[in-house]
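Shown next, in structure tokens, is the structure this report addresses.
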Amino acid sequence: MWLVLAFTSAALLGFYDASKKTALKDNAVLPVLLLNTVFCTLIFSPFIIDSLNGNRWFGASVSIPTAKAHALVFIKAVMVLTSWIFGYFGIKYLPLTIVGPINATRPVLVLVGAMLIFGERLNWSQWTGVILSVISLFLLSISSKKEKIDFTHNKWIAFVAMAAVTGAVCGLYDKYIMGHLNPMFVQGWYNFYQMLLMCLICSVLWYPSRKKTTPFHWSWAIPLISIFLSAADFAYLSALGMQDAMVSVISLVRRSSVIISFTCGVFLFREHNLKAKAADLLLIIIGMIFIYFGSRQV
């Protein structure tokens, strides 16, 4: 069941990326991200209010009366928000057909993190997947030069890379906290904490200089970001909460969202240099397959 939930999360994440790209076109990044956190919080507010009132009408509790539980979720909120800020800026200024494959390498970072932090050892299949993913990134950097995007000097590439690294760290952290907390509690409260943090960030960094930067305008793609993300995260956290769930496999399956986001980049955004990027993407997918079967052997 956890594998089905992981694939469901992956499909929703692909549409989430496409919605982000649409909402951020000629738009200010920080207020779009703020509204995303507001809508996500509103989606889960009935569960929070219900549990705080001591009711169980929705059949799930999101309120755990311990400071430690809320501290754990707050740390997750900081991690996710850091990844989002980097990722939102990157996806605004880069083609989706470049951002998607870079994000697809997160399972490699999770594997390396599991090896360094938890002392796990990779088998030959996992190592093959890691090497193929690294090669695919190198080839992607070469093909991207045709669009005048230099991986070594483009700050937006660095932003997407930072988003991938912090996202991978958060994936390892998720496996830890989901062994102790209810999925609805985590999702409900971390959205709320992110909203508070984004209110602070926007009031300090964006609002005072809003007239000197890219103006904000409303887009109906903004609520779609929150809807797709909330559904994807709920499926993801529910999968992680299952006893036999494997974080390395779930992280890998979630990155298959690149297939949908890449397709959207082709047909919705009419992006270029597709043959070379498709070959790089295929190499990443082959690497993911090796990692998948290698992780199933563990």
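The values are calculated or read from the model by the stated rules, or taken from the named source; none is laboratory data. Note that this is a predicted model, so its numbers are computed, not measured. Neighbour counts are summed over all protein chains in view; Cβ atoms, including those assigned to glycine, are modelled from backbone coordinates with ideal geometry. For the accessible areas, the whole protein counts, side chains as well, though only heavy atoms, and no ligand, DNA or RNA atoms are used. Shrake-Rupley method; radii C 1.70, N 1.55, O 1.52, S 1.80 Å.
The residue pairs whose first member lies in segment 153-169 and is open to solvent by less than 10 Å² (accessible area, probe 1.4 Å), whose second member is in a helix (DSSP H, G or I) and of a type in the set (Lys, Arg), and whose beta carbons are closer than 6 Å, counting only pairs six or more residues apart or on different chains, are Ala164/Arg106; Ala168/Arg106. Criterion applied to Glu147, Glu120 was being at pLDDT below 75, open to solvent by less than 90 Å² (accessible area, probe 1.4 Å) and within 21 Å of Leu172 (Cα to Cα), and the one residue passing it is Glu120. The single condition among (1) among the acidic types (Asp, Glu); (2) part of a helix (DSSP H, G or I); (3) over 18 Å from the mean Cα position of the chain (by Cα) that Asp150 does not meet is (2).
Of all the listed residues (Phe39, Phe15), the sole one being of a type in the set (A, V, I, L, M, F, W, C), surrounded by fewer than 22 Cβ atoms within 10 Å (Cβ to Cβ), assigned to a helix (DSSP H, G or I) and under 16 Å from the mean Cα position of the chain (by Cα) is Phe15. Being at pLDDT below 85, under 15 Å from Ala77 (Cβ atoms) and open to solvent by less than 30 Å² (accessible area, probe 1.4 Å) is a description that applies to Leu181. Please tell me if Ser83 is closer than 24 Å to Cys199 by Cβ, of a type in the set (S, T, N, Q) and modelled with pLDDT of 80 or more. When the stated conditions are applied, Ser83 passes them.
Tallying residues that are modelled with pLDDT of 75 or more and within 16 Å of Met1 (Cα to Cα) within segment 246-261 yields 3. Taking the criterion of being open to solvent by less than 20 Å² (accessible area, probe 1.4 Å) and within 19 Å of Ala11 (Cα to Cα), the residues of segment 263-284 that qualify are Cys264, Gly265, Leu281, Ile284. Scanning segment 237-250 for residues that are open to solvent by less than 20 Å² (accessible area, probe 1.4 Å) and under 17 Å from the mean Cα position of the chain (by Cα) yields Leu237, Ala239, Leu240, Val249, Ile250.
Just give me the residues in segment 68-89 being of a type in the set (Gly, Ala, Ser) and either open to solvent by 30 Å² or more (accessible area, probe 1.4 Å) or over 13 Å from Tyr173 (Cβ atoms) (or both), in sequence order.
Ala69, Ala71, Gly87
Being over 29 Å from Asp50 (Cβ atoms) and not aliphatic (A, V, I, L, M) is the filter; apply it to segment 184-207 and report the residue that is surrounded by the fewest Cβ atoms within 10 Å (Cβ to Cβ). In this case the residue turns out to be Ser203.
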